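Trainee: Before we start, here is the structure in question, set down as structure tokens.
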Amino acid sequence: MKTMVSTAGIPDVVRTADVLAPGAKAGPWIVERELGRGGMGAVYAVVHEEIGKRAALKVVHQRLLGPGFNSDRMVLEAKVVNQVGHPNIVDIFETGTLADGRPYIVMERLEGVSLSARADQTKLLPDLVIGILLQVCDALIAAHAVGVVHRDLKLDNV
């Protein structure tokens, strides 16, 4: 079975070299702002310089690059996600490598807040929770049908 990489237990150390400032480029994509950080990398809001398409850019942390790092991991993630092809799973448009050698993927940018943030903001009623759970389960069923196990399912990723 294919598995997505778990980021559990990896310390989140922010290094200046990891940060992409607004205006930085990844191929034709221009960074607008950082959206979030995790154990594997950071995610940025980006816009395509020619056509204006808005997307999210996921870049691996610099500290993870080294002899044991498999740079094909991002390409594999893109292939696996596109193999599943489910409306409740973000679409991936492109993969590439920054000038400093860090691999990246460009994916669909979703607006809104994570389920974790929403649960912190307000009480979630049972009907809403069941509806969300059914959508998550539907996406997991589609992933499992092609042999993919997520391994990092959490409220912050929903």
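The values are calculated or read from the model by the stated rules, or taken from the named source; none is laboratory data. The model shown is predicted, which means the values in this text are computed figures rather than measured ones. Ideal geometry is used to build each Cβ from the backbone, glycine not excepted, and the neighbour counts take in all protein chains shown. Accessible surface is based on the protein model in full, side chains and every heavy atom, while ligands, DNA and RNA are left aside. Shrake-Rupley method; radii C 1.70, N 1.55, O 1.52, S 1.80 Å.
Trainee: Note down all Cβ pairs under 8 Å where the first residue falls in region 76-91 and is of a type in the set (D, E, K, R), the second is open to solvent by less than 30 Å² (accessible area, probe 1.4 Å), and they're at least six residues apart or on different chains.
Mentor: Within 8 Å, the pairs are 77/92; 77/105; 91/81; 91/107.
Residue by residue, here is whether (1) among the hydrophobic types (A, V, I, L, M, F, W, C); (2) under 27 Å from residue 33 (Cβ atoms); (3) without any contact (Cβ under 8 Å) to a residue 12 or more places away in the chain holds:
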site: 107; (1), (2), (3): yes, yes, no
site: 113; (1), (2), (3): yes, yes, yes
site: 129; (1), (2), (3): yes, no, yes
site: 143; (1), (2), (3): yes, no, no
site: 148; (1), (2), (3): yes, no, no
site: 156; (1), (2), (3): no, yes, no
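Trainee: Tally up the residues in region 113-154 that are open to solvent by less than 90 Å² (accessible area, probe 1.4 Å) and in a helix (DSSP H, G or I), please.
Mentor: 17
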